[in-house]
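What follows is a set of notes on a single structure, which appears directly below.
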Amino acid sequence: MGETLELAKFLASIKFGDLDEKTVTYTKELFLDWLGSVFAGSESFPVKVLLDVATENGKPGKATSIPGRKLFTPLWAGFVNAASAHVAEMDDLHRSSILHPAAPVISAVFSYAEELEKDGRDVITAIVTGYEAGIRVGEALGTSHYQYFHTTGTAGTFGAAAGVCKLLGCDVEKMIDALGNAGTQAAGVWEFLKHGAHSKQLHTAKAAFNGALSAVLAFKGFKGAKTILEGEKGFIKATSREPHMEKLLDGLGDGFKLSETSIKYFASCRHTHPALDAVYRILDKLDPSRIKEIAVYTYKISYDLVDNPEPVNPYQAKFSLQFTIALLLTRKRITPDMFNESNLNDPTIKALMKKIKVYHAPEYTRVYPEKWASRVEVILCDGENIVSESFYPKGDPENPLTEDELIEKFKTLTSGFIGEDLMNKLVEFSLNLDRVRNARDFQSILGLN
């Protein structure tokens, strides 16, 4: 008992001086990665709709909505940016919590940092705090939660609340209230996947919005449940059949959870990445015209979620192992623009997809979610059998992108949205975030003031 209190104590105590150089550097890299994803999703239909809603219901303010290049109050700016950050399926992921932290956390934090004219060190500290809260809640919820709930919508709300609370200077009591307020609003279920609905963007938008709202209310004295995490009618017991309550406090203060976060290399659902990475490792040995069949062995959630041999639209294709593997084999890379009707109907890709079979591998389910693993066995027409296995896909902390690869990813995501000069300025802003004196300088770079 007392998990909410103990976690809140730690979150309220985090200072920039507590962060080691590696954590600071990685936070800046995650910020750049988030920024690229926001630009990449900014012209999508669901984001345009949410931007319209923000324009109609919000009011002009001091925080940047990257889609539309508008200035809103921070609640609405964070709302739009968080939706946009999750469109291209290139935002970061924390494995064991099954959480994409950046979309809700950084979107909410940076909007309030602009509003409050915070410096870059404050931004970094708030991001680390938000990741710590969201990831620990996600780990405690466990995989049974993920069967029905989109963790980024649920645990992400706690992360956004803690991050904004940190910027506001909340003490322990207010941090508890912010978490309590967040837990009574956190939501997001998977049913939308059956229909290609736009709910995924609403989940991240509302996680940022509701999390920030929770923090602002707490700061103003609005009380939340004191035992929202461990209570008999609290969030975790209500939404998880097999919770891991120990994860809330295990190793608290022994480093930061942010450092365990992965940066995506392939522009598709993260559950496709272990198999894609296994293929990527042997890509130079594979001629698509010589492939007879491919067997993919993966963990249960991946098997359930991304074994889709007949995606009917580009969105579903992002959640199809058959399509993404065939795409990688033919295009040698996977970028957001490749999920289109032309590739979906490409005869070579469709023929390859029919050769790919997906199987559940219990040995990989046993190590999930700490490791997201997969094995591919490729049988060539001449009978040769090529096997490849991946436990840490490219972009995991154990297999990280180089800074050059990260910058290349950012420029790929933002190509077509901004010019080379602005790309370079945003890279410089992000990778020197700890030296930024006023978060609102971001608006000057974009030409908004």
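Values quoted throughout were computed directly from the atomic coordinates according to the rules given, and no laboratory measurement underlies them. Note that this is a predicted model, so its numbers are computed, not measured. Here the Cβ is made from the backbone with ideal geometry for all residues, glycine too, and neighbour counts use every protein chain on show.
Only four residue types carry charge here, +1 at the Cβ of Lys and Arg and -1 at the Cβ of Asp and Glu. Report the dipole size of the stretch 270-390 about the Cα centre in Debye, rounded to the nearest 20. Write out the running numbers ahead of the final one.
Working: 17 positive and 16 negative charges, 16 e Å.
Approximately 80 debye in magnitude.
Loop by DSSP (not H, G, I, E, B), at most 15 other beta-carbon atoms within 10 Å: where is the longest site-free stretch of the chain for GluC sites (Glu not before Pro)? Value returned for the longest uninterrupted segment is 233-369. Per-residue 3J(HN,Hα) values for the stretch 335-350, derived from phi via the Karplus relation 6.51 cos²θ - 1.76 cosθ + 1.60 with θ = phi - 60°, read 10, x, 5, 7, 8, 9, 5, 4, 5, 4, 9, 5, x, 5, 5, 4 Hz in sequence order (x marks Gly and Pro).
Among the cysteines of the chain, those whose beta-carbon sits 4.7 Å or more from every other cysteine beta-carbon are Cys269, Cys381.
Rounded, prolate or oblate, given the Cα gyration tensor of the stretch 270-390, with a/c below 1.5 counting as rounded?
Numbers: a/c = 1.73, a/b = 1.14, b/c = 1.53.
Oblate shape, in that a/c is at least 1.5 and b/c is the bigger or equal ratio.
Using the alpha-carbon atoms, what tilt in degrees (0 to 90, nearest 10) does helix 74-84 show relative to the longest principal axis of the chain? With rounding to tens, the tilt is 0 degrees. With respect to the chain, whose longest principal axis is taken over its alpha-carbon atoms, helix 102-116 is tilted by about 30°. Report, in whole Å, the centroid distance computed from the Cα atoms of the stretch 169-186 and the stretch 284-299. Each part reduced to its Cα centre gives a spacing of 49 Å. Counting every other Cβ atom within 10 Å of each residue's Cβ, His195, His100 order from fewest to most as His195, His100. For the stretch 91-141, the relative contact order is 48 percent, taking Cα pairs closer than 8 Å that sit 6 or more residues apart in sequence and dividing their mean separation by the residue count. Computed from the C-beta positions of Thr348 and Arg281 and an R0 of 30 Å, the FRET efficiency is 0.85 to the nearest 0.05.
Net length available on complete extension from Asn432 to Leu448 is 3.7 nm, with 0.36 nm assigned per residue and the Cα-Cα distance removed.
Computed on the chain, with alpha-carbon pairs under 8 angstrom and 6+ residues apart, the relative contact order is 20 percent.
Available extension along the chain between Leu249 and Glu389 is 47.1 nm, counting 0.36 nm per residue and deducting the alpha carbon span. Between Ser289 and Lys237, the distance separating the two model label sites (each 7 Å from Cα on the Cα→Cβ line) works out to 6.5 nm. Across the stretch 233-246, coupling constants 3J(HN,Hα) worked out from phi with the 6.51/-1.76/1.60 Karplus curve, θ = phi - 60°, read 10, x, 5, 5, 5, 6, 10, 9, 7, 10, x, 10, 4, 4 Hz, and Gly and Pro carry x. Go ahead and estimate [θ] at 222 nm for the chain from helices alone: -39,500 (n - 2.57) per DSSP H run with n ≥ 4, summed, over the residue count, rounded to 500. Rounded to the nearest 500, it is -16000 deg cm²/dmol. In the chain, excluding the sites themselves, the longest stretch lacking any of the trypsin sites (Lys or Arg not before Pro) that are in a DSSP loop with at most 13 other Cβ atoms within 10 Å is 16-219. Centre-to-centre, using Cα atoms only, the stretch 335-404 and the stretch 414-431 are separated by 31 Å. Taking label points 7 Å from Cα along the Cα-to-Cβ direction, Arg333 and Lys411 give a separation of 1.0 nm. Short-range pairs are left out: with C-alpha atoms under 8 Å and at least six residues apart, the relative contact order of the stretch 127-201 is 36 percent. The length gained on full extension between Lys15 and His360, counted as 0.36 nm times the residue separation minus their Cα-Cα distance, comes to 119.8 nm. Between the Cα long axis of helix 3-13 and the first principal axis of the chain there is an angle of about 80°, rounded to the nearest 10. Note on Lys194: lysines with a C-alpha under 20 Å away, same-chain residues under 8 apart excluded, are Lys300, Lys318. Under a model in which nothing but the beta-carbon of Lys, Arg (+1) and Asp, Glu (-1) is charged, the chain shows a dipole of about 860 debye around its Cα centre. Listed values for the stretch 189-205 are Karplus-derived 3J(HN,Hα) couplings in whole Hz (6.51 cos²θ - 1.76 cosθ + 1.60, θ = phi - 60°), namely 10, 7, 4, 4, 4, 5, 10, x, 6, 8, 4, 4, 6, 5, 4, 6, 4, and x replaces Gly and Pro.
Is there a pair in Lys206/Lys371; Lys200/Lys350; Lys70/Lys118; Lys285/Lys355; Lys9/Lys233 whose C-alpha atoms are over 24 Å apart, and which pairs would that be? The answer is Lys206/Lys371; Lys200/Lys350. Approximating the spin labels as points 7 Å out from Cα along Cα→Cβ, the Val189-to-Lys425 distance works out to 4.6 nm.
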